[in-house]
Every structure is written in C-alpha cells, then in structure tokens.
C-alpha cells in the first residue's frame, strides 16, 4: 500500500447506485477527487466492463505500448479492454465515472461494442452535438450529485428498451451474471446451457453486446477476483486455488497476462488511482459480485 505521507492517500472516493430503471445496466456512479494538484501514475487492467469517465480539470495521458503517450479526451468512453495500459494524471484530480455491467453499455449505443475495444473514445464524437450540454453541465457544476442527476436523465433517454428485452440480450445477461456470481468460472458451462439460445447465436450476441467471448470474460472476472485476497495478504498458493486456478504458476501467468506485471509488483506499486476500484467494498469491483438488478 501507499506510504502515509503520499498525497495519493488523500484522494476522496465516493459511489452511488443508479436508479431502478438503469440498475440492470449500470453498476455504479463514482467520483474520485484530490484536495490539491498532484501527479499520479498507475496501470489499468481489463475487468470486463466499459466505463464513461469525465476528466474534470485533470490532464490524463494514456500509454498502451510502454513508449507512446496520448492525451485522453475530457469525457471518454473506456472501451472494453483486452490488455493493460498505463495512465499518467497531472494537475487537479477530479473524475466522475459511470461503471457499466459488461453487457450494459450496449443498450445505450448503436455502435457495435466490439468495435470500441482497447480505445479511449471522445464522447462528443460518439454521441454527437447532443452530448455537449450534458458535458457542460457536469464540468461547470463540478458536483457529484449534479453528475449523477445528469447521467440518470441522459442515459435514461438513450436507453433502448427494445434491445434490452431481446431474447439474445437476456441470454447474454444471464451468462454475465452467472460469471460474476461465481468468479472462479465454475458456473460458465451451466449458464451457457441455461441461456435459452443456441451456442453459435449466444457467442455472436455475447461478442456484439460485451465485446468479448464468454471465456474471455471468465478469465477477466477470475483475474479481478484475486485482488481482495492480495490486499488481505492471502498466500499466493492459497489464493490461486480459491480463485479457481490450477496452481500458483497458473495464477502467476494469468496475472501477468492481464496486468503486465507480477502480483508482487502490483502490491509494491500502491495503485494510487485504481486501488479504489479493486477494493471488495466497492460496487465497481466485480460489479457488486453479480448482485441482482
């Protein structure tokens, strides 16, 4: 963890649940704020979810290859991730975010979700001029309550009820919730059998809706499930078995695949920004572990 004199320990993190209409698709709204300007570097990992992030005042840079940095938009969609990337945040730290369930963002956009993978996309380009007023309201108010109210109204207007009721979408949702309810992946085959659509159709719908295959999402959920034990100091061999890995070597390989570092390296990093989203008490971690809508 971070030393007590590190300014990152003074970050304030808050969460709120969406209203009942959006709760099947949105895991939570969140805010992260610092009392002063600072410079923080961190690494973001795949978790199976897409996210809207409003970078209010902060200058945020992203690096996908270890060499080249690019500036993130002031309001961005973090598309479905299949690999880690580094983040460098400078100046004021004030962020508002919308964390979607893996299948959730699909009901708010006409874009194919799998075409948005591994990108930070400007929300003004994705949603057009109609988004400008929403962004202006949030950026001017700089208030978490105003942000939540704005998102409830805006996302509520975008929600495609017809798509959300489609049989294929419901099948995808069933498999997603089973994976989060059983992060070790043990429920995947049973959930696929119970989904009520053919395997080929389910696989196509799953990729169109989440940007991933069912087995890709299973790997990400299992990887994410280890962070509670890592922070609690559970021995690696014990943690590996508890999370559904064959052994510690399997756990280490999978962790490095998704994180680009070893478990020990992650613990030493302190994770100044992303530690808030890897805490078992957070609704953003494992989307509330498969909590019902």
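Please report, in cubic angstrom per residue, the volume enclosed by the convex hull of the alpha-carbon atoms of the chain. Each step should come with its number before you reach the end.
Details: hull volume 36.1 nm³, N = 293.
Spread over its residues, the Cα hull of the chain gives 123 Å³ apiece.
Once you put a point 7 Å from the Cα of residue 14 and another 7 Å from the Cα of residue 249, both along the Cβ direction, what distance in nm separates them?
Label-label distance for residue 14 and residue 249, simple model: 5.0 nm.
Between Rg and the Kirkwood Rh of the range 15-125, both from Cα atoms, what is the Rg to Rh ratio?
So for the range 15-125, dividing Rg by the Kirkwood Rh gives 0.96.
Alpha carbon centre of the range 229-281 versus the range 36-95: separation in Å?
21 Å
Using just the helices of the chain, give the 222 nm mean residue ellipticity in deg cm²/dmol: DSSP H runs with n ≥ 4 each add -39,500 (n - 2.57), and the total is spread over all residues, rounded to 500. Numbers along the way, then the final one.
Values: 13 runs with 115 residues, N = 293.
It comes out at -11000 deg cm²/dmol, rounded to the nearest 500.
Using only alpha carbon pairs under 8 Å that are at least six residues apart, calculate the relative contact order of the range 7-160 and give it in whole percent.
Values: 304 pairs, mean separation 41.5, N = 154.
Reported as a whole number, the value is 27 percent.
Cα atoms only: what Rg and Dmax, in Å, come out for the range 152-262?
When restricted to the Cα atoms of the range 152-262, Rg and Dmax are 16.5, 48 Å.
Place the peptides 185-196, 73-84, 240-251 in order of packing, highest mean first, counting for every residue the other Cβ atoms within 10 Å and averaging per peptide.
Numbers: 185-196: 15.6, 73-84: 20.3, 240-251: 17.1.
Packing order, densest peptide first, comes out as 73-84, 240-251, 185-196.
Which order, highest average first, do 121-131, 96-106 follow once you tally other Cβ atoms within 10 Å for each residue and take the mean per peptide? Numbers along the way, then the final one.
Values: 121-131: 14.4, 96-106: 26.0.
Peptide ranking by packing, descending: 96-106, 121-131.
Taken together, the values in this text are just the output of simple stated rules run on the coordinates, not laboratory data. All of these numbers come straight from a predicted model, not from anything done at the bench. Virtual Cβ from ideal backbone geometry, glycine too; neighbours counted across all protein chains shown.
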